[in-house]
Amino acid sequence: MVPTSETHNWPDVSDCPVCSSISPENREAFFGGMMYKTKHYKKGDVIARQGDICKYLYILLKGAVKTEMVTETGGQLTIEVIKAQRPLASAFLFAENNRFPVDVITLEDSLVLMIPKDQVIELFQKDAAFMQRYITYNANKTQFLSHKLQVLTIKTIKGKLAHYILEQLSICHSFSPKINTFLMDKNQTELAKSFGVTRPALARTLAEIQQEGAIKAERNKITVLNKTLLQNMLS
């Protein structure tokens, strides 16, 4: 399906971080004359393949996608799940090697806005606030990817799982230091893919951590019983 080019009725992008400085009443004036493309995707469609050239600023207007890459062993590693409205691979648009580092696959019916690179440069020149938000978003994304790389360097499944549990616990403690129970934000299949391991291996490791007395697991509810034990599993 060929995307449709349009220059009128600019889509509502008010929930996109890089466009949040643009007020709804100024949106048409700011984007006026810009060429863009929109494309609808069904659940399970591939928006981009790892290695495809990135020619546009892709903004997910509706729906959700996952990004995956092939591991050295030939398995699929889920990098992240992205929900609308968010840019897709925005940091790679201006790279010398401007290719997608991952596969981008829809998790549900989705709508994607595509702005050509030269048009994005014009938007930078038109509004410094837009350019600042673009840079900030990509800097934050770099921090996220650095964190993801840190997790991947943990060699054992137990270490990866302990890191995940401690991370979720830290989020709980930002609300109250007395909270030691949380609901996992991923199911075991999703978590296994994010670690690059099999689901059975993850389930066995979760059971081992519980048997060692570090946690209590009830379906997707985790209660941390011994934080020190979890920290010792990271090494």
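Number of residues in region 184-198 that are loosely packed, with under 15 Cβ neighbours inside 10 Å and either β-branched (Val, Ile, Thr) or at pLDDT 90 or above (or both) equals 2.
Tell me yes or no: at least one residue of region 89-96 is over 14 Å from the mean Cα position of the chain (by Cα) and among the polar types (S, T, N, Q). No, every residue in region 89-96 fails to be over 14 Å from the mean Cα position of the chain (by Cα) and among the polar types (S, T, N, Q).
Please determine whether any residue of region 135-153 is in a loop (DSSP other than H, G, I, E, B), surrounded by 16 or more Cβ atoms within 10 Å (Cβ to Cβ) and within 24 Å of the chain's Cα centre (by Cα). Let's see the steps before the verdict.
Taking region 135-153 first, the residues in a loop (DSSP other than H, G, I, E, B) are none.
No, region 135-153 has no match at all.
Close Cβ contacts (under 6 Å, 6 or more residues apart or on different chains) running from residues in region 16-28 that are of a type in the set (Val, Ile, Thr) to residues that are at pLDDT 80 or above comprise 18/87; 18/133; 18/134; 18/137; 22/30. Within region 137-155, the residues that satisfy the criterion of being of a type in the set (Ser, Thr, Tyr) and in contact with a helix residue (DSSP H, G or I) (Cβ under 8 Å, 6 or more places away or on another chain) are 137, 142. Looking across region 19-63, not a single residue is over 13 Å from residue 114 (Cβ atoms), aliphatic (A, V, I, L, M) and touching a Ser or Thr at 6+ places or on another chain (Cβ under 7 Å).
For first residues located in region 86-110 and assigned by TED's automatic domain parsing to the domain that holds residue 60 and assigned to a loop (DSSP other than H, G, I, E, B), partners that are among the polar types (S, T, N, Q) and surrounded by 16 or more Cβ atoms within 10 Å (Cβ to Cβ) and lie 6+ apart or on another chain with Cβ distances below 6 Å form the pairs 102/67. Selection of region 46-79 for residues being surrounded by fewer than 16 Cβ atoms within 10 Å (Cβ to Cβ) and either farther than 24 Å from residue 11 by Cβ or under 18 Å from the mean Cα position of the chain (by Cα) (or both) yields 46, 49, 50, 51, 69, 70, 71, 72, 73, 74, 75, 76. Scanning region 18-77 for residues that are under 26 Å from residue 199 (Cα atoms), of a type in the set (Ser, Thr, Tyr) and not in a loop (DSSP other than H, G, I, E, B) yields one hit, 67.
The values are calculated or read from the model by the stated rules, or taken from the named source; none is laboratory data. These figures come from a predicted structure and were not determined experimentally. So basically every Cβ, Gly included, is an ideal-geometry build from the backbone, and we count neighbours across all protein chains shown.
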